[in-house]
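K.L.:
For reference, the structure I am asking about is given below.
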Amino acid sequence: MAMPSILEAAIDQFGRKGFEGASTRAIAAAAGTTMSSITYHFGSKHGLYLAAADHIAQRIAEMQAPTVERMRELADGSREGAIAALLGLFDSFALMMLCAESAPWARFILREQQEPTEAFERLYGGVMRRMSEQVVEWLRLARSDLSEREARATAVVMFGQTMILRAGRATVCRVIGVETIDDDVAALLRARLRSNLLAILREEPT
């Protein structure tokens, strides 16, 4: 089908060049289709851009949904259940950040983070918001000493530690002293992430 290949090409082109820099001609060529196909399916360049954002949100939701459901069963209303759920959720998120498929998504999303448009509202209003609210809910169980505002700030920090695995890939490799992140390095990073999260989640009130 033409639509998936067009969307993948669009995400890559928009992520690399931005909305203004990317051309529908180049996107059509990368997708192996015609410009008329873009017009037929998406109406315009702007329509394609929004569809690309929706596609990213949908893929993230599809990848994370099974883990979220399992973690909801694990989070039984207790502090330990909430901690286990958060550890499982962020490990799944880390795996997604480490996989190759997330690279073009990250470029697209980072542009929207810096200069938000309607596309960001679609990204955040869907899967990002649901995951963020779930994390805050479990954080309030794991760290009852935190206020609502403090829990939200903590959630931001926890997401940041995970997102750098993709958004800061070059720095991660340089600091560790590797060319690429292989399975051993990925396992090390996931283990250190888990350790950091446990330190946050088990911190005692001062």
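The values are calculated or read from the model by the stated rules, or taken from the named source; none is laboratory data. Being a predicted model, the structure only gives us computed values, none of them experimental. Quick reminder, even Gly has a Cβ in these numbers, built from the backbone with ideal geometry, and neighbours come from all protein chains shown.
K.L.:
Given the structure, is Glu150 assigned to a helix (DSSP H, G or I), without any contact (Cβ under 8 Å) to a residue 60 or more places away in the chain and over 30 Å from Gly18 (Cβ atoms)? Outline the logic, then answer.
P.N.:
Values: assigned to a helix (DSSP H, G or I): yes; without any contact (Cβ under 8 Å) to a residue 60 or more places away in the chain: yes; over 30 Å from Gly18 (Cβ atoms): yes.
Spelling it out, Glu150 is indeed assigned to a helix (DSSP H, G or I), without any contact (Cβ under 8 Å) to a residue 60 or more places away in the chain and over 30 Å from Gly18 (Cβ atoms).
K.L.:
Out of the residues in region 171-203 that are part of a loop (DSSP other than H, G, I, E, B), surrounded by 11 or more Cβ atoms within 10 Å (Cβ to Cβ) and at pLDDT 95 or above, which is farthest from the chain's Cα centre (by Cα)?
P.N.:
Of the residues in region 171-203, the ones part of a loop (DSSP other than H, G, I, E, B) are 177-182, 202-203.
Still in the list and also surrounded by 11 or more Cβ atoms within 10 Å (Cβ to Cβ): 178, 181, 202-203.
After this cut, where a residue has to be at pLDDT 95 or above as well, the list is 178, 181.
On the way: Val178: 23, Ile181: 18 Å.
Of everything passing the filter in region 171-203, Val178 is farthest from the chain's Cα centre (by Cα).
K.L.:
Against the condition touching a residue at least 60 places away in the same chain (Cβ under 8 Å) and surrounded by 13 or more Cβ atoms within 10 Å (Cβ to Cβ), how does Leu87 come out, does it pass?
P.N.:
Numbers: touching a residue at least 60 places away in the same chain (Cβ under 8 Å): yes; surrounded by 13 or more Cβ atoms within 10 Å (Cβ to Cβ): yes.
Yes, satisfied.
K.L.:
Would you call His46 surrounded by 14 or more Cβ atoms within 10 Å (Cβ to Cβ), more than 24 Å from Ser195 (Cα to Cα) and free of Cβ contacts under 8 Å to residues at least 60 places away in the same chain? Spell out how you get there, then give the answer.
P.N.:
Details: surrounded by 14 or more Cβ atoms within 10 Å (Cβ to Cβ): no; more than 24 Å from Ser195 (Cα to Cα): yes; free of Cβ contacts under 8 Å to residues at least 60 places away in the same chain: yes.
No; evaluated as a whole, the condition is false for this residue.
K.L.:
Still on this structure, please answer the following. Name the pairs: first residue in region 57-77 and under 19 Å from Glu121 (Cα atoms) and among the basic types (Lys, Arg), second residue part of a helix (DSSP H, G or I) and at pLDDT 90 or above, Cβ to Cβ under 8 Å, at least 6 apart or on different chains?
P.N.:
Once the first residue is under 19 Å from Glu121 (Cα atoms) and among the basic types (Lys, Arg) and sits in region 57-77, its partners that are part of a helix (DSSP H, G or I) and at pLDDT 90 or above give Arg59/Trp105.
K.L.:
For region 159-170, does any single residue satisfy the condition of being under 30 Å from Ser78 (Cα atoms) and exposed (fewer than 12 other Cβ atoms within 10 Å of the Cβ)?
P.N.:
So far as region 159-170 goes, yes, one or more of its residues are under 30 Å from Ser78 (Cα atoms) and exposed (fewer than 12 other Cβ atoms within 10 Å of the Cβ).
K.L.:
Residues of region 114-152 being within 15 Å of Ala52 (Cα to Cα) and not small (Gly, Ala, Ser), which ones?
P.N.:
Pro116, Thr117, Glu118, Phe120, Glu121, Arg122, Leu123, Tyr124, Val127
K.L.:
Pairs please, first residue from region 1-20 and on the phi > 0 side of the Ramachandran plot, second anywhere and part of a helix (DSSP H, G or I), Cβ atoms under 8 Å, 6+ apart in sequence or on different chains.
P.N.:
Close Cβ pairs (under 8 Å, with a partner that is part of a helix (DSSP H, G or I)) amount to Gly18/Arg111.
K.L.:
Here's another thing I want to ask about it. Considering only residues of region 50-94 that are closer than 28 Å to Glu118 by Cβ and among the polar types (S, T, N, Q), which is farthest from the chain's Cα centre (by Cα)?
P.N.:
Within region 50-94, the match that is farthest from the chain's Cα centre (by Cα) is Gln58.
K.L.:
Another question about this same structure. Regarding Asp145, is this residue of a type outside the set (Gly, Ala, Ser), over 30 Å from Phe19 (Cβ atoms) and part of a helix (DSSP H, G or I)? Outline the logic, then answer.
P.N.:
Details: of a type outside the set (Gly, Ala, Ser): yes; over 30 Å from Phe19 (Cβ atoms): yes; part of a helix (DSSP H, G or I): no.
Judged against the criteria, Asp145 is not a match.
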